[in-house]
Structure formats: structure tokens, C-alpha cells
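Each value in this text was obtained by applying a stated rule to the coordinates, not by laboratory testing. Computed from a predicted structure; not experimentally measured. Heads up, the Cβs are rebuilt from the backbone with ideal geometry, glycines too, and the neighbour counts pull from every protein chain shown.
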């Protein structure tokens with residue numbers, strides 16, 4: 001199972017692709033950050049994120065996309081852009097029929113460190129160990145995207161199959177407009 | 001100038017197209033609501049909104065898109081979905097090079113009624129009068145999308161030109177990934 005993890009953000013959108021299955025070794029496929037400039041207007045920035053994600057999906061062809069769940073309570077100043085970047089990631093996946101799952105930061109931390117309140121250093125250390133890397137992944141702030149992808153490999157399989165079945169049913173049965 | 005106004009929402013996304021220019025009569029081109037089911041998952045719903053907006057943009061070919069600005073403070077329960085629907089509308093427009101503007105509900109109300117705190121009945125009455133309709137537009141909750149489009153015809157021209165120039169500059173000069 002190949003999973004794209006997306007840590008949504010307007011200025012820096014972390015993306016990481018991991019291969020694995022529950023009980024088997026994990027493999028890092030790629031990790032990167034899609035950047036957009038705060039000088040651009042919001043529409044251009046969201047388009048930049050879409051373009052980056054589309055290129056990644058074309059190249060990596062993941063079986064599932066795991067997006068960090070955004071909460072309205074946190075970081076009110078940036079939360080709208082973060083939510084919109086997450087929405088773009090969901091639509092990019094849905095358009096291709098790729099199942100989308102959302103996991104909270106706590107779920108991802110708990111899945112890979114055993115502690116939902118683990119700090120950044122601990123998450124990075126476990127991502128490095130679980131993917132058997134010689135050094136922490138770079139860019140450093142993409143580690144959360146990898147943690148999310150690993151979390152999904154381990155806990156998201158069943159959920160992804162449910163969502164895929166639901167999406168398939170809705171795509172044929174749904175009316176819009 | 002032909003403007004598509006979008007009142008973003010996941011369950012009901014109001015859309016209205018108006019033609020006009022400052023100092024000239026306004027004309028209603030079309031008004032509708034794009035609906036998605038609360039039973040679908042969020043990715044499928046956002047895709048449904050994208051599909052509906054794409055069909056509308058293909059058919060109506062507006063010169064500008066005006067999206068209601070969403071605030072994090074209001075309606076925490078639904079604000080994330082609303083922000084994501086707004087983000088989809090922005091990307092659909094940006095992908096086609098159509099300038100996007102955002103106006104707050106108060107700006108739209110003030111533009112068409114003279115009062116930023118006007119109630120729904122007053123907004124609907126003025127939309128009906130300004131578009132010289134025999135009856136209030138239906139669906140009733142699409143009146144806000146029309147108000148937004150009218151607001152943009154009147155106040156958004158200069159802003160739209162600035163955004164278009166900026167978008168054109170960024171599209172050629174920007175790097176992603």
C-alpha cells in the first residue's frame with residue numbers, strides 16, 4: 001500500500017509518500033514541501049498547491065491519501081488557508097477516485113510514538129527509525145506528512161476501503177446542481 | 001462585465017451570475033444552488049461542488065468570480081467546510097485565469113442596501129429590485145450569491161484588474177515544489 005501524507009499549509013504544504021502494510025517494513029518513497037509565496041493572492045496560492053499535488057499524484061500514484069485534520073480552534077490567523085489547502089488535497093484525490101482519510105495530529109503522533117502529545121523531535125526520530133533512514137528526512141517540516149502517511153498505513157486500511165466503496169457508490173448515484 | 005457570485009457552503013453553495021457595469025442597469029443571467037449530501041464524505045462533497053462550479057463556468061464564462069469571505073470566528077461547526085468550498089471556487093477560477101475577489105457579507109449588504117447589517121428580507125428585496133425581477137429569485141438562499149455579484153460589479157472592478165495582473169505575473173514567474 002502506497003500512501004501520500006499531506007500536512008496542509010499555504011506557505012509550506014508538507015507531502016510524503018510511504019509504502020508499507022501493517023506488520024511489514026515501511027519504505028520512504030519521497031518527501032517534499034510545496035511552497036507558495038505570501039505575496040501572492042489566495043487564489044493563486046491554492047492553484048500553486050493544486051499544481052504541486054497534481055504533479056505528485058501523477059508521478060507517485062498513491063493508493064490512498066491521508067490529510068491532516070484541521071481544527072477551527074487552532075491558529076485562527078492561518079486556519080482558513082490551512083483548511084483550504086486540505087480541501088484542495090481532498091479534491092485532487094477524489095477526482096482520481098483515490099480514497100481520502102483524515103487523521104488528527106494526535107492520532108499520527110500516537111500511532112508512531114505511542115504518545116499523542118509527542119514533541120516534534122520525538123516524531124522526527126520515530127519517522128527516521130521506522131523508515132530506516134540514515135538521517136532525519138529533509139525538509140525537516142515534512143516529517144509530519146510522513147508521520148501521517150505511516151499512521152495511515154497502520155490504522156487507515158479499513159477506513160480507506162469503506163471510503164472508497166462509499167465514494168464509488170456516490171459517484172454513480174449522485175446528482176449535483 | 002459578467003460576474004459569478006459564490007456564497008460558499010457544503011450542503012448548499014449559492015451561485016448567481018449577473019451582468020452589468022457601474023452606472024448601468026444590471027441583468028440576472030442565472031441563479032442556482034449546488035447541493036451536496038451530508039451523508040457523503042467531505043472529499044466527495046468538495047468534488048461535487050467542484051463539478052457543479054466547473055459546469056457553471058463552462059456555460060457562463062464570467063469575467064470575474066466574487067466569493068464571500070469566510071471568517072474563522074463564525075459558526076465553528078461548519079466553518080471548515082465553508083472555507084473549503086470557498087477555496088474550491090477560488091481554484092476553479094484561478095485555473096482558468098479568471099480574477100477572483102472576496103467580499104465580506106457586510107460589504108455586499110452595504111453595497112446593495114446601504115446598510116452592512118441589513119437583514120435577509122432587505123437584501124432579497126434589493127436584489128429583486130436591482131435586477132428588475134417580477135419576483136424574488138429562487139432558490140431563496142441564492143439571493144446572497146446575487147448580492148455578492150452585484151457588489152462586485154459596483155465595487156470590484158479595480159480590485160479585479162489588480163488581481164488579474166498579479167495572477168498573470170505570478171503564473172509566469174512562480175515555481176512550485
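Below, the figures for the structure above:
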| quantity | calculated |
| --- | --- |
| DSSP-defined antiparallel bridges as percent of all bridges, the stretch A:2-173, nearest 5 | 65 |
| Distance between the stretch B:34-69 and the stretch A:106-127 - C-alpha centres, whole angstrom | 37 |
| DSSP beta bridges in the protein assembly as shown [antiparallel fraction, %, rounded to 5] | 65 |
| For chain A, alpha-carbon Rg and Dmax in angstrom | 15.6, 52 |
| Among B:35, B:95, B:27: highest mean-square fluctuation, GNM of chain B, C-alpha pairs under 10 Å | B:95 |
| Simple label model, 7 Å out from Cα along Cβ direction - residue A:39 to residue B:119, nm | 4.9 |
| The stretch B:2-173: relative contact order as a whole-number percent, Cα under 8 Å and 6+ apart | 30 |
| Pairwise label distance in nanometres, residue A:106 with residue B:2, each label 7 Å out on the Cα-Cβ vector | 5.0 |
| Of A:51, A:82, A:36, the one that fluctuates the most in a GNM where chain A has Cα springs shorter than 10 Å | A:51 |
| Cβ neighbours within 10 Å from other chains - mean over B:46-56 | 5 |
| Cα gyration tensor category, rounded, prolate or oblate, for the protein assembly as shown with a/c compared to 1.5 | prolate |
| FRET efficiency, residue A:140 to residue A:96 (Cβ-Cβ, R0 35 Å, nearest 0.05) | 0.75 |
| Most fluctuating residue given options B:135, B:110, B:93, as computed from a GNM of chain B linking Cα atoms under 10 Å | B:135 |
| Neighbouring partner chain Cβ atoms per residue of A:90-103, average, 10 Å criterion | 4 |
| Inter-chain shielding of B:32-40 (mean C-beta neighbours from other protein chains, 10 Å cut-off) | 3 |
| Residue-averaged [θ]222 nm for chain A, counting only DSSP H segments that reach four residues, each worth -39500 (n - 2.57) | -16500 deg cm²/dmol |
